[in-house]
Each structure stands twice: as structure tokens, then as C-alpha cells.
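Derivation of every value follows stated rules applied to the coordinates shown; laboratory data play no part. These numbers were taken from a predicted model, which means no experiment stands behind them. All Cβ positions, glycine included, derive from the backbone under ideal geometry; neighbour counts span all protein chains shown.
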Amino acid sequence: MAIPVKLPVFEGPLDLLLHLIDKNKVDIYDIPIVQITDQYMDYIRQMGREDLGVMSEFMVMAATLMDIKCKMLLPAPEKEDGQEEDPRADLVERLLEYKMYKYMSYELKERMDSAGKHFYKEPTVPAEVAGYRYVPQPSELLSGITLSQLNRLFCAVMRRREDKMDPVRSKFGRIEREEVSLPDKLSYVREYARAHRRFSFFSLFRGHASRMQVVVTFLAILELMKTGDIAISQEHTFDDIQIEAVGS
């Protein structure tokens, strides 16, 4: 008398392999190929009476497992970097990809089930009400309002506007970008040094000088000092820098 056997329904050979890996609690990156292949073949034998179209996919995977099992018994070929090539690598990659899509399908199913619990009501506003638009008349809005009340409303609006205004930025004027070219400043300081031979740093600025001009001029002096065109000195800290032309 035959013993009836109940098998879980698997969606394909990869699904069966994942079931065996979870059942045996093994690392998917280090599959014991002999053990998994033997258990896989046991399931195939129990599924022998299933539809041949379905069985063909499981048989192809069985052949793949047998091929990997044979390769595991032979010396593994080495890669270019000297490491041995793992025959299970392609199978592991397919299993991980299948597992990712399987979990994504679970997520989509949960969202679909959750969306099925939401119901929406169609708008039932009568067309006469939906199409009604009230246009107020200025005479109606200003009815009963005196000039004193308007003045109080205007002052309240202006106070709210002042409260929202940044007290610092509101005092800024127009900010214009001042273009100061370092090559032009180099030429100017070099010619100035040749004409005056010895001078102070602040004598380079005629009249009012912006902060950007001071910075670029200082960079130009450092560059000319590095090239040996000028020499600088300073007796005390925070004293004016004395500049002297070197050479002709």
C-alpha cells in the first residue's frame, strides 16, 4: 500500500532551493551542495507525477545542481587574481535576486490588500450649489465702516509687516560686486615699486580702499616677494609694512 505524501507548493525550482536552505539553516553564500542536492532530488522523486511542463523547470535545476556537485569534486580553476573560482557563485547570485523579488512581491501584495480596505465616496454636491460663485460688492464690504476704523486696520497691517521684517537685512543697501583682478594688481604694484623704490603698504591705496582691494593687494605683494621683485620689512607688530623694490 502506497504512503500518501503531502508536498508544499513551490513557485519554481529557486523557490524550492530557498526552502531547503532555510530548512537546513545554512548560509546562502556557502551552500553545502551535496546535502542540498540530495534533498532536492528527494523532492523531485516525490513530484514525479506532476505536470511535465512544470517538472521540466525542476529537472533543469536538478541537472544544474548535479553539474555543480561534480565541479566541487574536481580541483577548482583559479581566476586571474589567483583566487579559486567557486562553482556555486552563479547559483547564489540567482537565489539572491529571486529572494529580493519574492520579498518585493510580498510588499506589493500587502499594499494591495491595504488599498482594498479604503473606500471613496463620489461627490454628491448639487450642480446648483457647486456652480454658485458669490461676488461681493465694495459697497457691501464697506458698509458701516468709518475712516477711523480703516486707519486702525491700516496701522495694524503695517505693524504686522514691520514685525516680519528682518531688522538687519532691511537696512542693507544695494550690494554690488567689485571686480578686482589679481594679475592687474600685480602689474600695478610692480610698476609702483619701480617708480617709488621704497614705500609703505598703505601708500598703495589712493583715497578710500575696499576690503577686497586690500586683500588682493596683499596677495599681490606676497606673490612679488616670492618672485624676488620686492622685499618687505616691519619693525613692530601691527606697524605699516615697508616695501622696497629689488633690482632695476
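Provide the packing ranking of 121-128, 194-201, 155-162, i.e. peptides ordered by the mean count of other C-beta atoms within 10 Å per residue, highest first.
Most protected by this proxy first, the peptides run 194-201, 155-162, 121-128.
So, R0 is 22 Å and r is the distance between the beta-carbons of Ser105 and His19; what FRET efficiency does that work out to, to 0.05?
So, using R0 = 22 Å, E works out to roughly 0.90.
Over the C-alpha atoms of segment 85-149, what are the Rg and the largest Cα-to-Cα span, Dmax, in Å?
Cα-based Rg and Dmax for segment 85-149 come out at 31.8, 93 Å.
Which links in Lys69/Lys109; Lys71/Lys99; Lys25/Lys69; Lys23/Lys109; Lys99/Lys121; Lys23/Lys69 stretch past 31 Å when you go from one Cα to the other?
Long pairs (Cα-Cα over 31 Å): Lys69/Lys109; Lys99/Lys121.
Find the eigenvalues of the gyration tensor of the Cα atoms of segment 182-245, then list the square roots of 5 times those eigenvalues as equivalent ellipsoid semi-axes, largest first, in whole angstrom.
Working: eigenvalues 49, 46, 26 Å².
Over the Cα atoms of segment 182-245, the semi-axes work out to 16, 15, 11 Å.
Dipole of segment 182-245, Cα-centred, from +1 at each Lys and Arg C-beta and -1 at each Asp and Glu C-beta, to the nearest 20 debye?
Charge dipole of segment 182-245: 180 debye, to the nearest 20.
Fewest to most neighbouring Cβ within 10 Å: what's the order for Leu17, Leu108?
Numbers: Leu17 24, Leu108 10.
Ordered by Cβ neighbours within 10 Å, fewest first: Leu108, Leu17.
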